[in-house]
Amino acid sequence: MLTVHGLHKKFGALEVVRGVSFEVGAGECYGLLGPNGAGKTTTLRCCLGLTTPDAGEITLDSLPVPARAREARAHVGVVPQFDNLDPDFTVRENLRMFGRYFGLAREQVAARVPYLLDYAGLADKADAPIDALSGGMKRRLTIARALVNDPRVLFLDEPTTGLDPQARHLVWERLKRLLGEGRTIILTTHFMDEAQRLCDRVAIMDRGAFIAEASPHALIEREIEPVVIEVYGDGVAAWFEAHARRLATRAELSGDTAFCYCRDPDALLATLADHPDLRVLRRSANLEDVFLKLTGRDLRD
């Protein structure tokens with residue numbers, strides 16, 4: 001459904017996308033991950049024909065982009081990072097108006113609106129003003145609005161930013177339903193648990209280039225030791241210097257927390273018996289550990 005080969009884009013002297021290539025198959029959820037400024041948004045804008053690349057080839061739903069981007073976007077749904085619902089219209093009117101943007105006949109839109117309201121769980125809010133909706137309701141409506149043209153491909157830019165855990169889980173359930181219907185999703189997110197839960201494959205992007213690409217499980221297995229021991233509290237730095245570097249396969253001290261990556265953590269855990277003031281969390285490695293290993297812990301703005 002989406003093929004990108006040798007994509008490059010510069011803004012002035014800054015090359016923000018450097019030779020990116022990837023493919024997304026029908027019915028697949030593909031995650032594009034990376035720190036702020038990694039080039040994710042520019043890549044997606046090029047894929048949609050909203051930004052013209054300097055080099056590279058893009059095919060979206062069998063159509064070349066940007067040459068036939070307008071035709072390709074007729075079969076695409078886009079969920080922006082921030083909700084841009086029209087506050088002057090009701091829930092139902094927002095869906096109807098958006099359908100008209102795609103040139104759909106009034107009868108087509110009217111027939112599709114009940115499905116979209118049910119999908120968003122907003123059938124009882126159909127005539128409510130936008131300002132009367134909670135943040136989770138607005139996000140679900142924005143996702144439902146992206147389905148008004150019955151798209152084969154969905155681009156989701158951080159779809160659960162700002163939502164509470166209950167709302168996030170509900171959005172995840174709705175997205176899994178779309179995947180079950182055979183739709184294709186290209187997802188950007190800063191929530192690694194979201195990517196790990198939803199994506200068939202993920203690419204980690206940094207400084208304009210892909211630095212890793214595989215299924216979440218394969219990346220975790222390949223890049224990170226299976227057990228992570230987090231230790232924090234007063235005196236963690238002294239304990240870290242005395243034991244962590246020696247007994248962990250790999251160890252990092254970030255602020256007041258030590259992250260110890262191990263295959264067999266028993267010897268490391270035994271040293272903590274003499275440090276009752278330190279708090280300990282033992283867990284399995286996850287996609288966030290991979291992300292931080294490959295892109296670093298420094299803050300990006």
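The values are calculated or read from the model by the stated rules, or taken from the named source; none is laboratory data. What you are looking at is a predicted structure, and each value in this text was computed from that prediction instead of being measured. Here the Cβ is made from the backbone with ideal geometry for all residues, glycine too, and neighbour counts use every protein chain on show. These area figures cover heavy atoms from the full protein model, side chains too; ligands, DNA and RNA do not enter into them. Shrake-Rupley method; radii C 1.70, N 1.55, O 1.52, S 1.80 Å.
Only residues that are among the aliphatic types (A, V, I, L, M), surrounded by fewer than 18 Cβ atoms within 10 Å (Cβ to Cβ) and not in a helix (DSSP H, G or I): list them for the range 103-139, please.
ALA105, ALA126, ALA128
Residue by residue, here is whether (1) open to solvent by 10 Å² or more (accessible area, probe 1.4 Å); (2) in a loop (DSSP other than H, G, I, E, B); (3) modelled with pLDDT of 90 or more; (4) in contact with a helix residue (DSSP H, G or I) (Cβ under 7 Å, 6 or more places away or on another chain) holds:
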| site | (1), (2), (3), (4) |
| --- | --- |
| LEU141 | no, no, yes, yes |
| PRO151 | no, yes, yes, no |
| PHE155 | no, no, yes, yes |
| GLY162 | yes, yes, no, yes |
| ALA167 | yes, no, no, yes |
| TRP172 | no, no, yes, yes |
| LEU178 | no, no, yes, no |
| GLY182 | yes, yes, yes, no |
| ILE185 | no, no, yes, yes |
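Among GLY208, GLY235, which is among the small types (Gly, Ala, Ser), at positive phi and open to solvent by 30 Å² or more (accessible area, probe 1.4 Å)?
Of the residues listed, the single one that is among the small types (Gly, Ala, Ser), at positive phi and open to solvent by 30 Å² or more (accessible area, probe 1.4 Å) is GLY235.
Just to be sure I understand, how many residues within the range 12-34 are over 17 Å from LEU48 (Cβ atoms) and either open to solvent by 10 Å² or more (accessible area, probe 1.4 Å) or among the aromatic types (Phe, Trp, Tyr) (or both)?
Residues that pass the stated criteria total 11.
Looking at the range 130-144, I want the residues that are touching a residue at least 60 places away in the same chain (Cβ under 8 Å) and have a partner that is open to solvent by 50 Å² or more (accessible area, probe 1.4 Å) with Cβ atoms under 7 Å, at least 6 apart or on another chain. Which pairs are those?
If the second residue must be open to solvent by 50 Å² or more (accessible area, probe 1.4 Å), the pairs left are THR142/ASP83.
Using the structure shown, decide if ARG250 is under 30 Å from LEU156 (Cβ atoms), open to solvent by 20 Å² or more (accessible area, probe 1.4 Å) and touching a strand residue (DSSP E or B) at 6+ places or on another chain (Cβ under 9 Å).
no
Check off (1) open to solvent by 60 Å² or more (accessible area, probe 1.4 Å); (2) on the phi > 0 side of the Ramachandran plot; (3) more than 17 Å from the chain's Cα centre (by Cα); (4) among the small types (Gly, Ala, Ser) for GLY37 and give me the number that stays unchecked.
Going through the list (1) open to solvent by 60 Å² or more (accessible area, probe 1.4 Å); (2) on the phi > 0 side of the Ramachandran plot; (3) more than 17 Å from the chain's Cα centre (by Cα); (4) among the small types (Gly, Ala, Ser), GLY37 breaks only (3).
Does the range 223-238 contain any residue that is assigned to a helix (DSSP H, G or I), in contact with a Lys or Arg (Cβ under 7 Å, 6 or more places away or on another chain) and not polar (S, T, N, Q)?
Checking the range 223-238: at least one residue is assigned to a helix (DSSP H, G or I), in contact with a Lys or Arg (Cβ under 7 Å, 6 or more places away or on another chain) and not polar (S, T, N, Q).
Based on what the data block shows, is ALA273 assigned to a helix (DSSP H, G or I), out of contact with any strand residue (DSSP E or B) (no Cβ under 6 Å at 6 or more places or on another chain) and either open to solvent by less than 80 Å² (accessible area, probe 1.4 Å) or modelled with pLDDT under 95 (or both)?
Yes; evaluated as a whole, the condition is true for this residue.
ASP289 passes all but one of (1) open to solvent by less than 70 Å² (accessible area, probe 1.4 Å); (2) more than 27 Å from ALA167 (Cα to Cα); which number fails?
Failed condition: (2).
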